[in-house]
Each structure stands twice: as C-alpha cells, then as structure tokens.
Amino acid sequence: MGLAASQARFLGITARKNTCELRSMQIAQEKLSITNQLTKISENYQNSLDATKLVWDSEYITDGSIYDVSYELLMTPSLLNNYSPQLLTNNKGQIVLDSQYANAIKDIPVGTKIITDPETGTSTTEFASFEDYQTGGAERTQANFIKFLEGLNEGGILSRKDLDAMTAALTLSSSFYDPDNGLGAPIQEKFTTNSMNLNTMKNYINTITDPNSDYVNSLRETYDTAYNADGTQKNITLPDGSTKPMPDTIYDKVAKLGNLLNFKQLSGEGFEYQDRQSDGSMTTVTGVSLGEKWANDDSTELTISDSTFNFADLLEKEITLSTDNAAEMGQALVEYINEMYNVMLQFFAIDPASVDQDYLNFAMDQICKLNGLSWNSTSTPPTATFPSTAADLGAAISSGAYSTGDPASKHTCLIKNGSNYQISLSNVAKGIITYFEKAVEGFDSGYEVEATGEKKIENSYYVTRDPEYFYFINNPEALNLDDETQLLLDYYSQMFNQICANGWAENDLVGEEENLKNMLKNGTLFTSTLSEQDGNFYQGPYTSNNFIAEVADEDAIARAEAEYKTKQLQLSAKEEELDIDLQQVDAELSALTTEYDTVKGLISKAVEKGFSTLGGS
C-alpha cells in the first residue's frame, strides 16, 4: 500500500474512531440519565408509601365501609356524624360554605344599616343583608332560622317534606328553636339509653316518679305539655292547613315513664277499685296505682305491705302481697306480671323487633313457670295466662304454691303458709330482671334464680346483688331517632347559630375532595365541633376531630407502585439496549484502534523509507 493510500485510510479510520468514541460518550451519558431517572422514580415511590387520606371514623359504620372525608359528609345530618354539624372554618373563625349553603344565608337580614341621601342629607335605617358586610352572620331569630331552612330547600339540600315538618313544629312551639343551641345551651340528648348502676338507677326512678321533684318541674317549665287540662291532646296545624295531634314533649315522655314506674300505667290512667259505702253499696274509684288498688279494693281480701310502691321500692324494700283467696292471688299475680312486662319493655328500652324481645319473653316465661302460670309470647301484647274460671285459677294457684313456714321474702315463688297465700313482689321483679340479664349476658354469667325445690333466694344470685352491674335504661330526654324532624331541627339550628355568631365565607373548592383534604392538611381549613362539656363549638385542626382519621392511602400507594414498576421496566429495557450498543461500539472501537495502530505504523515506515531513499541519492 502506498503512502498516499495509507494516509487516506488513516484519516478514514481516525474519523470512524472519533465517531465511535463520541457514540461511547453519548451512551455513557444516556446511561447516567437512566440511572438518575431510576433514582428519581425510586424516591417518588418511597415518598408515595407515606401517602395518606382522610377517612370518616364513626362507631355507626358497622358494615366495614370506608368513607372518604367530604364536604357532603361533614354537612349532611346523619347517624354517621351523630346528627351534629362538623363545620369547616377558616383562620378568621368564619364558617366556610359552598355556594349552595351560601345562597341559603345571603338574603337573611343581619342587622340594620343607615343610608344617607347625598343630596338631601336625610338618613334612613334599613335592614342589611349579608352582602353588605365582609364578615358577620345573621340575627339569631326563629324567623331568620325558617328563612335559612327555606333557602336550604331552594338549594336542594333540604326536602320539601322535611321543611314542612320542621316549619310546622316551629310554628307550634318556639321551644323547638333555641337561639343559643350550639352556643352554650344544654345539649340535646341523642342517645336513647343511659347506663347506670343499681343505686344510680334507683335514685333516678325516685326522681322521675315524683311529679313535684325539681327535675320534673324544670322539664314542665321548659317544654310544657302536649295535653290540655282535661287530658285531651293538643293539635298542631300543618303548612297545608291540616291538623294532627301534637307529639309528646320531653316533659310528657318523662311523666309517662314516671307513671309506669309508679304502676299507674304509661298514660297515668291507672287502675280502679271498688270502695264500699256506708250503705253497703260499691263506688268505683279510678286513677290509682296497682298497690293502691290492692290496698283499698273492698271487693277482695288482698293485703299489700306498701300501697305506694314504685319500681325502685321493689328493688330496695320488701313488698309482699297476701290473701287467703287463691283465685284473687292468681288474678293479682297475673296483673302484676303483665305490668312488670310493660315496665321492662319501656324502662329498659327493649326494641320489640330485636333479639332483646326474645330475651324478655324468656324472662317472663321463666317467672310464670315458677308461679304456676303460662306466658303467651305470641299474643299482642304478650301476656301471662291463667285458667278462665276463678275456680280453676284457684285450684291452679293452690296446687302451685309452695307450702313452707318461711316468709315470702325468702322465695322467688308463690308460697302458702296455712291458708294464706303470699308472694314477694320484690323477688318476682328481681327474678325477672335476673332472667333477662342472664339471657343478655349469657347463661354462664353467674346470675341465677333457683327454679326447683324451695326456690329460695339464698340459693339464687340475683343480678341486683351485683353493685358493679350496669343497666341500660330508656332515656326519655333523648331526641327520638325515629323522629327525623327533631334531629334535623337540632342539627340545622346549631349550624345556623354558628353562622350567625361567627360569619361565613364562600369557597366552592371545599366540594372537591382532593382540595378539601389538602386544605385541611396544610392548615388552610379547620373543623369546628360541638363540645359535650359545655355545649359550645370549638375550632381545631382536623386531627382534633374525633370523626376524622388519617390512614394510609392504599389506592394511591398501589397506583404509585404500578407506575414505578412500569417506568422501571421501561428504563431497564432502555439500559439493556444501551449496554448492547456500547458493547458493539467498544468492539468496533477496539478493532479500529488495532487497525489505526497498524496503518499508523505503515505510514511511519513509509516515511522513514522515503527519507532513507532521499538520503542515499
């Protein structure tokens, strides 16, 4: 190969070698970029493992459902928020409303403003709407509250049916709107049961069975009654002009429960007895308790140890009924057991549609069997049964009574001392409660009523002997959870009063869950909730709200993991392609280097040879 050809070939190899080296550098740069990208997506994935979301944490979620926190959930009355508003507030303490709620409050007068005519200088006073103010709410009046409810209806938040029912209640009685509700007023009870030990329960019974107690008097003054002086029920006029009976007030509910626990029936109508006059004729006396009937009825031979007993007396004292007439004892015992069924049903808040009704029927059946009677759980209402004739009843009672020399106070059953029949009403009551609680707690609970032999209380363990046992009893002051109107009035009056007291600000972004979550997390928004301690609302971060929980966002984590794996596979595949390209470039560069060195050596030799030739001539 000549010098010129070698030089041409050398230049070509050099160019190709430079190209390979450049490509090698480019591949190295691309691989570095991929490494950086892998590092970045790995960091993003690691960060996504800390992703959280805000969910609703309520004891009323029993089906395992998960609810993300939303404006609708916060502001819609339901069991999920215990019918108590979970208000959003800003750093000024204003209630943050979306456009639907804002429109319901905008046109409500909030006070007065003075307008001065610039030409005449005359000043006039007019009502001002919220739009005239930058902050502030509305006057807390029932009229304004009704306007607020009407605005909620126009905005599609409140149904016409609910609005009409609420308006009817407000028209009937101003007590249904409290301008201080949520601002320190007593909190409306929403729990239909209270938990009490025996001593607390007895004290409570003695309080509500006394119609002149301070507690009952205060309820009467606060809530009035739904009944006229003659006992007839008052009517309310609905928006369509029709009328319906006024529902019981809280005072009425407490008074009726007191009647029942005084054994005067729920209505207070009570029982009647025959009073013998001086001429031998009988006069009917009505409206008395069961004990007063037995004590005063001249048509029977019954004797009661305490004629004015209430349910607490049965649990604390020894109340005994006695007679020499077996049939009279049977009829009185059936009457008493049926009344005890009503006491159990109402006072212990037993839902007839629940399993508790089965437990109560079991208790009544067991106590009836102890005393030679039967319990018919299929009748409406369930009732104790006995032979239809007095003779048959007398025979059944006579054969069923346990003959003993002991007093009735030592037995849960009917006893017979000589010709005298006796029954401890106290022990029967304790036996019923024990059977019921035993069914509720389980038959291995340790509570026992001796049902065979002498049926003595010393061989029994009544639940009423357990000072640590807590009873769940009816709370007549609670808002009726079946009465949606009361719950809605309480809910929206709290919301309205807070808006009035603190003002409001409109922000439609709260309706978007992601924005709401971010604003709560970064402290732009707070929640304001009702304190059960003093009846006021207090503002705080979302972490202080008992209904809101921050949990791992499993969906976001799963999405991030899928995205990470996809990008990782893409970048790994690209890196593998670059590795192959680099291998090819390296191989080519190695060959070119060898050829480069060879050609370079040929050129050097050719030059040396040329100089040698020239020197020789």
I'd like to check something: does the range 316-324 contain any residue that is open to solvent by less than 10 Å² (accessible area, probe 1.4 Å), more than 26 Å from Asn474 (Cβ to Cβ), at pLDDT 90 or above and among the aliphatic types (A, V, I, L, M)?
yes
Which ones in the range 246-274 are among the charged types (D, E, K, R), over 28 Å from Pro186 (Cβ atoms) and open to solvent by less than 80 Å² (accessible area, probe 1.4 Å)?
Lys264
Can you pull out the residues in the range 72-95 that are closer than 22 Å to Thr524 by Cα, assigned to a helix (DSSP H, G or I) and in contact with a strand residue (DSSP E or B) (Cβ under 9 Å, 6 or more places away or on another chain)?
Leu73, Leu74, Met75
I'd like the residue in the range 521-540 that is within 19 Å of Tyr83 (Cα to Cα) and not in a strand (DSSP E or B) and, out of all such residues, is most open to solvent (accessible area, probe 1.4 Å).
Gln533
In the range 427-469, the residues that are basic (Lys, Arg) and within 13 Å of Ala363 (Cα to Cα)
Lys430, Lys438
Return the only residue of Asp365, Asp313 being in contact with a helix residue (DSSP H, G or I) (Cβ under 9 Å, 6 or more places away or on another chain), over 28 Å from Tyr204 (Cβ atoms) and crowded, with 17+ Cβ neighbours inside 10 Å.
Asp365
Ile350 being at pLDDT 90 or above, of a type outside the set (Asp, Glu) and open to solvent by less than 30 Å² (accessible area, probe 1.4 Å):
no
Check Thr543, Thr566 and return the single one that is exposed (fewer than 14 other Cβ atoms within 10 Å of the Cβ), at pLDDT 75 or above, within 36 Å of the chain's Cα centre (by Cα) and part of a helix (DSSP H, G or I).
Thr543
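Yes/no matrix, rows are residues, columns are (1) at pLDDT 75 or above; (2) open to solvent by 70 Å² or more (accessible area, probe 1.4 Å):
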residue	(1), (2)
Met1	no, yes
Arg16	yes, yes
Leu54	yes, no
Glu59	no, yes
Ile66	yes, yes
Leu87	yes, no
Gly93	yes, no
Would you check if there is a residue in the range 225-245 being charged (D, E, K, R), modelled with pLDDT of 85 or more and exposed (fewer than 12 other Cβ atoms within 10 Å of the Cβ)?
yes
Looking at the structure I just gave you, is Lys609 in a helix (DSSP H, G or I) and either modelled with pLDDT under 85 or not charged (D, E, K, R) (or both)?
yes
Here is a list: Leu425, Leu393, Leu414, Leu373. Which entry is in contact with a Gly (Cβ under 6 Å, 6 or more places away or on another chain) and either modelled with pLDDT of 85 or more or crowded, with 22+ Cβ neighbours inside 10 Å (or both)?
Leu393
Within the set of pairs 6+ apart or on separate chains, which have a first residue in the range 17-41 that is at negative phi, a second that is modelled with pLDDT under 80 and among the hydroxyl-bearing types (Ser, Thr, Tyr), and C-beta atoms under 7 Å apart?
Lys17/Thr593; Lys17/Tyr596; Ile41/Tyr564
Residues satisfying the stated conditions in the range 478-496, i.e. outside any helix (DSSP H, G or I) and surrounded by 18 or more Cβ atoms within 10 Å (Cβ to Cβ)
Ala478, Leu479
Within the set of pairs 6 or more residues apart or between chains, which connect a residue that is in contact (Cβ under 8 Å) with a residue 40 or more places away in the chain inside the range 349-363 to a residue that is among the polar types (S, T, N, Q) and in a loop (DSSP other than H, G, I, E, B) with Cβ atoms less than 7 Å apart?
Ala349/Thr192
From Thr300, Thr249, residue being modelled with pLDDT under 95, closer than 22 Å to Asn417 by Cβ and touching a helix residue (DSSP H, G or I) at 6+ places or on another chain (Cβ under 6 Å):
Thr300
Please go through the range 232-248 and give me each residue that is touching a residue at least 40 places away in the same chain (Cβ under 8 Å) and among the β-branched types (Val, Ile, Thr), ordered by number.
Ile236, Thr237
Name the residues in the range 396-425 that are hydroxyl-bearing (Ser, Thr, Tyr), part of a loop (DSSP other than H, G, I, E, B) and under 49 Å from the mean Cα position of the chain (by Cα), would you?
Thr412
Within the range 507-520, count every residue that is in contact with a strand residue (DSSP E or B) (Cβ under 8 Å, 6 or more places away or on another chain) and either surrounded by fewer than 16 Cβ atoms within 10 Å (Cβ to Cβ) or closer than 11 Å to Pro541 by Cα (or both).
1
Residue count for the range 430-470, restricted to those that are crowded, with 17+ Cβ neighbours inside 10 Å, over 17 Å from Ser195 (Cα atoms) and aromatic (Phe, Trp, Tyr):
4
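The values are calculated or read from the model by the stated rules, or taken from the named source; none is laboratory data. Since the model is a prediction, treat every value here as computed from it, not as a measurement. Quick reminder, even Gly has a Cβ in these numbers, built from the backbone with ideal geometry, and neighbours come from all protein chains shown. Heads up: the accessible areas ignore ligands, DNA and RNA and are worked out on the full protein's heavy atoms, side chains in. Shrake-Rupley method; radii C 1.70, N 1.55, O 1.52, S 1.80 Å.
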